[in-house]
Structure formats: structure tokens, C-alpha cells
1. Of the residues Lys150, Lys121, Lys78, which exhibits the maximal mean-square fluctuation in a Gaussian network model of the chain defined by a 10 Å Cα contact cut-off?
2. Please order Ser77, Ser21 by the number of other Cβ within 10 Å, starting at the fewest.
3. Return the FRET efficiency for the residue pair Ser214, Lys91: r is the Cβ-Cβ distance, R0 is 30 Å, and the value is rounded to the nearest 0.05.
4. Which one, Val109, Val196, Val132, has the greatest fluctuation when you compute a Gaussian network model over the chain with C-alpha springs under 10 angstrom?
5. Relative to the present Cα-Cα distance, how much length would full extension add between Glu59 and Ser156 at 0.36 nm per residue of separation?
6. Identify which of Thr141, Thr38, Thr193 has the largest mean-square fluctuation in a Gaussian network model of the chain, with springs joining Cα atoms closer than 10 Å.
7. Would you work out which of Ile48, Ala30, Val88 lies farthest towards the positive end of the dipole of region 1-126, given +1 charges on the beta-carbon of Lys and Arg and -1 on that of Asp and Glu, about the Cα centre?
8. Could you tally the net charge around Gln128, taking each other residue with its Cβ under 15 Å from the Cβ of Gln128, Lys/Arg +1 and Asp/Glu -1?
Amino acid sequence: MTRKSSPSIIAIDGPAASGKSTIGLKLAEALGYLFFDTGVMYRAVTWIALDHDIDVRDEAKVTALAEETPIDVTPASKSDGRACDVLVAGKDITWETRLPIVDANVSIVSAYPGVRAALSKQQRRIGQRGRVVMVGRDIGTVVLPEADLKIYLDASPEERARRRHAEMTARGANVKYEDILAKVIERDRIDSTRDVAPLRAAVDAVIIDSDKMSVNEVFEKALALCK
Ligand code: DC
């Protein structure tokens, strides 16, 4: 069967640093859709907990925070490298959500069922409006199983660590490849073994292994799936 128009709800899932945000943003721009990176919501809750001196291992407190805090994810208001704005009570916390301390704690927070329930509900409401490229770990499996197109973007841990290392070094950070690789592997382990909504490809997802592909090749392949 030939598809007459582009899919309205596009879900892109995959492990950390597999290029989901880069591809998702390019795809959203090409189609004139909203780009929504759901990971920033888990990052926002993690940052607020740390900022309020709440122990991220205190599941009840962190869950209450996720339930009570309105998080807004809106199109980027500045061209400083951000893909979107992350606002909490009107305060811009976009760059705070990218701090290494958030990287180190976000997998713990995103494994809590109550946190996932609260954030998935908000994500679902936005996704169901359509004309959206939604990026995460469980979009095609849990948040929007009715998505018209599901892409699972994969790459080996070594390749993902290499890309992350190159990105951070370009930004002037002094980081070791081996340390980044260890962190990528640890986040994969937590994300894919948690009880609720573990990272996995939906049965009807198109799997793209980007190990030997350039950003442009992956983008062209994803775009072709939309046509
Ligand atoms: O994609 P990211 O690195 O910004 O994601 C941050 C964390 O949030 C990561 O540990 C996985 C988790 N996450 C999730 O569990 N479900 C999503 N839909 C998006 C992200």
C-alpha cells in the first residue's frame, strides 16, 4: 500500500547518544513538525530534585516532585545550540538539564514508575495532537503505541561513546573516552533492565543501525520512511 501523506506521529527511540535528537530535530524541521525530546523532562525532574537537595534515591519525594512540577518544553528561543527550551515555573533550565550531575542521576529518576506515569501522561497529550517527532526510549512501545512511524535508532556503545567524546572535546571538555564508554554502558544497563517501560524496539519499529552511517545518511533514510 502506498502512503498518501507523511506520517503525523513519528516516534524515535533508542539508547543514549545514538543520535535520536539530531535526527529527530532535522526530521521535524524538514516536515514542519514539532520536535519533542522527552528525555529533557526526566532531566528536568532530576535537576529540580538535585537543586532542592532532595535525595534522588528517595522515590516518594522525587515522584511527588514529578507530579507537582509543570514542565514546559517549547521551541528554542535562542540559537545557542539548544534544540528546545526547558522551562520550570517560567525559569529557563535548559542548560542545567545537560550538566554531568544530571547525566549521572537521570537513569535512577527515570526508573521510578510514578515519575514515568506523570511524565508519560504529559507527553501523550502533546503527541496526540499530531505533526510531531517525539524522541525517547519508550515512545513507540508505551507513550504513543499508535504512532504512524516508529524508528529505533541504534549504534554500538563504542561508536556512541566515540561521538559523545568528540562532541565534548569540541566544546573544550577534558574527558577520557574510556570514562564516557563506561557511562554509556552503565546507562544502557539501567535503561534496558528497569521494570517499567524498559528500552527496547517496538515490534513494528524500523531499526536503523547507524554505526557505519553519517548523520546525513541516517537522516535521508529516516526522511525516505516518511514519504
Ligand atoms: O535521551 P536522554 O539522554 O536525554 O535521556 C535521559 C534519561 O531519561 C535516560 O536515562 C533515559 C530516560 N528516558 C526515558 O526513560 N524515557 C524517555 N522517553 C526519555 C528518556
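Any read-out appearing in this document is the output of simple, stated calculations on the displayed coordinates, not a laboratory observation. What you see is a predicted model; the values in this text were computed from it and never measured. All Cβ positions, glycine included, derive from the backbone under ideal geometry; neighbour counts span all protein chains shown.
1. Comparing Lys150, Lys121, Lys78 in the GNM, the peak value goes to Lys78.
2. Arranged by neighbour count, lowest to highest, Ser77, Ser21 become Ser77, Ser21.
3. According to the calculation, E is roughly 0.20.
4. The residue with the greatest mean-square fluctuation here is Val196.
5. Computed gain between Glu59 and Ser156 is 31.8 nm.
6. Per the Cα network of the chain with a 10 Å cutoff, Thr193 tops the list.
7. Ranked along the dipole, the leading option is Ala30.
8. Taking every Cβ under 15 Å from that of Gln128, the sum is +3.
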